[in-house]
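The values are calculated or read from the model by the stated rules, or taken from the named source; none is laboratory data. Source: prediction; values computed, not measured. Glycine also receives a Cβ, built like all others from the backbone with ideal geometry; neighbour counts cover every protein chain displayed.
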């Protein structure tokens, strides 16, 4: 299975709620795009831009249009930053205080109009001042 890079906003079946990322902190932005389906078992690359000392919220709506998430798990923890206050569908990422890059991976599972399954989201993080 090869990682697929997609260019603008993530859409899982009809929707993945990553809008909280932009709503929670305007300084956190994500590049991802295209459509992916939970049933394809794919691995996807995303790019997160985070400001140093700003917490980024990454949220997955339990019931989005045509999508029902069953779990969101951290596969690979951030190498330098950290997660805090995680509940089942929301993660809060704190970038490291030094360095310019970080990375982590999430496994999201659930059901959409194309089937049931899990995908891996591989995040590369660019930290800005």
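Scanning the stretch 30-56 for residues that are crowded, with 18+ Cβ neighbours inside 10 Å, modelled with pLDDT under 85 and not in a loop (DSSP other than H, G, I, E, B) turns up 30, 36, 38. Beta carbons closer than 6 Å, at least 6 apart along the sequence or on distinct chains, pair a first residue in the stretch 111-129 that is at pLDDT 90 or above with a second that is loosely packed, with under 15 Cβ neighbours inside 10 Å and not in a strand (DSSP E or B) for 117/41; 127/100.
Looking across the stretch 85-125, the residues that are more than 15 Å from the chain's Cα centre (by Cα) and in a strand (DSSP E or B) come down to 101, 111, 112, 115, 116, 117.
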